[in-house]
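The structure appears below as structure tokens.
The values are calculated or read from the model by the stated rules, or taken from the named source; none is laboratory data. Just so it is clear, the model here is predicted, and its values are computed rather than measured. Cβ: placed from backbone, ideal geometry, glycine included. Neighbour counts: every protein chain shown.
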């Protein structure tokens, strides 16, 4: 189906089903129960899951296929956000032009940066992309203030021009408030709440727009991975020198890959601006570039589903871990005797709330040390373990001669 | 002219910090072939050695001073550092005042210990892994170290003043024949620069004139052959990692009066230090030092008012711009050798 083989089709369909049912799946605990804070099925967080999923898929196309570690992808994300924002300010509050324009702008910028950076490889490439991203960040925060809003950032205003006619989302909103990003009149923040028993499922319009984009992005990524083009990129990863010796010029392939990857980041940035219409320069900082690297590594470099898993997991932990506080811990450990309870809380305290970065760092180190293939490799190992046991049983049952 | 001299002087202290961190990075890279993203964190740990020592020195106990009254008329409680009890008040005060320079003695063993621990405990297992893995694991370590420091010392800047003797500025202009007040330079920055030069000189002398250094240099050139000669090169490289950590730590210790330490200062310096290393040429020690000073001075020139008026924002990006130009025109960096990180 869709030009994919059977395995990939089923993968795509599984992902599509999971994404479509996410509001239900991510809310496994009934409302008001003690475990309800582990629920992730609220719109804001789900939107971030899929948006960062897109970002990580794009990063993985570059890093996973070619092995070029870019430390500057946040620049494209930020550029996409700014571009999308400007579309919403100047043209229409409708998100479609914003998303398209942000992807294009990010593509143009990545073309320029890639053209220069790809002259070098290895750590030099990392440093070059990092330098460009840091430059973009510094400029966005200072000199480019008329375009980027500087330190305060950019947001939609009441008196933005929005030149398109009102049925296309231009002009001011009817009620005189700042118009909210919408798709042909349906606001991104509009949701439909479905109470079932003690559960409440929230189906959010913006989330589903992002989800559709994510599925498209995912499908495209599968196509890239399976195409001759993707094969070429994999060959670059395994031995670029040999590729050059065979008379192939790898530069155009690399550049195309870099631009595709940058456009993914731009798309994610545009969606981010569409979901939450304010953009700040900190989105371009190198820590943001580091974050997407973490997501990809955590999920599994060079795998299809890995980056999405990694993005989801990191965003989930960021949200949930940073919400847990000492009171909650005391509640959880209240079944223990007092001394032990306090002891447990003291032990866990540095890892939660504001300290969740510590957890992230440790988790990350653990993954790189013990599981370089990320979660996907972990899953495969577990699978292999079960299969191995079965195989062992099978060999045992065969009578020894 | 006085403007030019002033900017060169301004560039020297930042350049010294860049040079010291880049020197440590290059030492680690040249010996072990490991790209250490946690090096900025080591710089930060050094700075917090100072904070720790000054806290230890000012550990105090309460003494009731009968001769003075607080606002309620009760006898005043005064915190007296233990060190006053041991050395007398004037010596004690002097020791506290000189906490930053004293931290050098404290930081050297601590930082060497941390460095050796880091190499044996973590980095050792990454020699045969791709550079990307090394970058990532040390990046993770940097986050962890940073968060631990944040947990114990808080997120705010902690001031660590220079000794009383070095507070104030030196009128450099008057000394070399310009108008008085044209070139004013804080004493501590002169100290920092001299300290950096001594430290850099010491590292080079250590590598050049001792047997240990000779073996290390031989190992940098051809590790396998040195190993085949029956020399335990791994142990020496571990020690070099410790020394590199100490260099970064000392750079941090002495930097505290210039810039009050906070938990993310390492990350701020790390990115630039990497640019410095790459500009200087991967694996070239003189290159790292040279590039550190060149970029430091370049940065201070770019922050001159006249230059900013001409090219707004140039002070923020000049280092990266220089890095891009140098990498594209001289792919191996200023003093890079052939065959290092070519693939």
Problem - Exclusive hit being farther than 30 Å from residue A:240 by Cα and either within 13 Å of chain B (Cβ to nearest Cβ) or touching a strand residue (DSSP E or B) at 6+ places or on another chain (Cβ under 8 Å) (or both), set A:130, A:158, A:183 - result: A:183
Problem - Answer from A:387, A:383, A:315, A:354 - the residue that is closer than 28 Å to residue A:43 by Cβ and away from chain B (no Cβ under 14 Å) - result: A:315
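Which residue out of B:168, B:154 is surrounded by fewer than 19 Cβ atoms within 10 Å (Cβ to Cβ), in contact with a strand residue (DSSP E or B) (Cβ under 8 Å, 6 or more places away or on another chain) and on the phi > 0 side of the Ramachandran plot?
B:168
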Problem - All positions within segment B:126-135 that are facing chain A (nearest Cβ under 7 Å) and without any contact (Cβ under 8 Å) to a residue 40 or more places away in the chain - result: B:132, B:133
Practice task
From the list A:215, A:231, pick out the single residue that is more than 15 Å from the chain's Cα centre (by Cα), at negative phi and surrounded by fewer than 20 Cβ atoms within 10 Å (Cβ to Cβ).
Solution key: A:231
Practice task
Determine whether segment B:110-120 contains at least one residue that is free of Cβ contacts under 8 Å to residues at least 60 places away in the same chain and either closer than 21 Å to residue B:154 by Cα or exposed (fewer than 13 other Cβ atoms within 10 Å of the Cβ) (or both).
Solution key: no
Practice task
For residue A:248, state whether it is surrounded by fewer than 19 Cβ atoms within 10 Å (Cβ to Cβ), closer than 28 Å to residue A:82 by Cα and either more than 26 Å from the chain's Cα centre (by Cα) or away from chain B (no Cβ under 14 Å) (or both).
Solution key: no
Problem - Boolean, residue A:242 is in a helix (DSSP H, G or I) and free of Cβ contacts under 8 Å to residues at least 40 places away in the same chain - result: yes
Handout entry: Filter result for the condition that a residue is touching a residue at least 24 places away in the same chain (Cβ under 8 Å), assigned to a helix (DSSP H, G or I) and more than 9 Å from chain A (Cβ to nearest Cβ), over B:269, B:274
Key = B:269
Practice task
Looking only at segment B:295-310, decide whether some residue is within 11 Å of chain A (Cβ to nearest Cβ), within 25 Å of residue B:193 (Cβ to Cβ) and in a loop (DSSP other than H, G, I, E, B).
Solution key: no
Exercise for the section: Using the structure shown, decide if residue A:41 is touching a helix residue (DSSP H, G or I) at 6+ places or on another chain (Cβ under 7 Å), within 19 Å of residue A:210 (Cα to Cα) and not in a helix (DSSP H, G or I). Expected result: yes
Completion exercise
Filtering segment B:156-179 down to residues that are at pLDDT 80 or above and either within 14 Å of chain A (Cβ to nearest Cβ) or part of a helix (DSSP H, G or I) (or both) yields B:156
Exercise for the section: Return the total of residues in segment A:134-162 being within 25 Å of the chain's Cα centre (by Cα) and touching a residue at least 40 places away in the same chain (Cβ under 8 Å). Expected result: 14
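Does residue B:283 fit the bill of being modelled with pLDDT of 85 or more and closer than 17 Å to residue B:272 by Cα?
On the way: modelled with pLDDT of 85 or more: no; closer than 17 Å to residue B:272 by Cα: yes.
No, not satisfied.
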Exercise for the section: Evaluate the following for residue A:279: is it touching a helix residue (DSSP H, G or I) at 6+ places or on another chain (Cβ under 8 Å), crowded, with 24+ Cβ neighbours inside 10 Å, more than 14 Å from chain B (Cβ to nearest Cβ) and modelled with pLDDT under 85? Expected result: yes
Exercise for the section: Tell me which residues, restricted to segment B:180-197, are assigned to a helix (DSSP H, G or I) and either modelled with pLDDT under 80 or surrounded by 14 or more Cβ atoms within 10 Å (Cβ to Cβ) (or both). Expected result: B:187, B:188, B:189, B:190, B:191, B:192, B:193, B:195, B:196, B:197
Handout entry: Residues (surrounded by fewer than 20 Cβ atoms within 10 Å (Cβ to Cβ) and more than 7 Å from chain B (Cβ to nearest Cβ)) located in segment A:133-146
Key = A:144, A:145, A:146
Problem - Residue identified as more than 9 Å from every other protein chain (Cβ to nearest Cβ) and within 23 Å of residue A:137 (Cβ to Cβ) among B:263, B:255 - result: B:263
Practice task
Name, by its number, the condition in (1) within 14 Å of chain B (Cβ to nearest Cβ); (2) not in a loop (DSSP other than H, G, I, E, B) that does not hold for residue A:76.
Solution key: (1)
Practice task
Report yes if residue A:289 is in a helix (DSSP H, G or I), within 13 Å of chain B (Cβ to nearest Cβ) and within 23 Å of residue A:39 (Cα to Cα), otherwise no.
Solution key: no
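Yes/no per residue for (1) at pLDDT 85 or above; (2) more than 28 Å from residue A:162 (Cα to Cα); (3) in a helix (DSSP H, G or I); (4) more than 14 Å from every other protein chain (Cβ to nearest Cβ):
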residue	(1), (2), (3), (4)
A:31	no, yes, no, yes
A:46	yes, yes, yes, yes
A:57	yes, yes, yes, yes
A:63	yes, yes, yes, no
A:71	yes, yes, no, no
A:80	yes, no, yes, yes
A:84	yes, no, yes, yes
A:108	yes, no, yes, yes
A:112	yes, yes, yes, no
Problem - Restricting segment B:323-336 to residues that are more than 9 Å from chain A (Cβ to nearest Cβ) and either free of Cβ contacts under 8 Å to residues at least 24 places away in the same chain or part of a helix (DSSP H, G or I) (or both), the residue that is surrounded by the most Cβ atoms within 10 Å (Cβ to Cβ) - result: B:326
Problem - Sole residue being over 22 Å from the mean Cα position of the chain (by Cα) and surrounded by 17 or more Cβ atoms within 10 Å (Cβ to Cβ), chosen from B:132, B:142 - result: B:132
Exercise for the section: Enumerate the helices (runs of 4 or more DSSP H) found wholly within segment A:307-387, keeping only those where 1 or more residues are under 25 Å from residue A:292 (Cβ atoms) and touching a helix residue (DSSP H, G or I) at 6+ places or on another chain (Cβ under 8 Å). Expected result: A:356-370
Practice task
Can you confirm whether segment A:338-349 contains a residue that is more than 20 Å from the chain's Cα centre (by Cα), surrounded by 15 or more Cβ atoms within 10 Å (Cβ to Cβ), within 30 Å of residue B:136 (Cβ to Cβ) and within 13 Å of another protein chain (Cβ to nearest Cβ)?
Solution key: yes
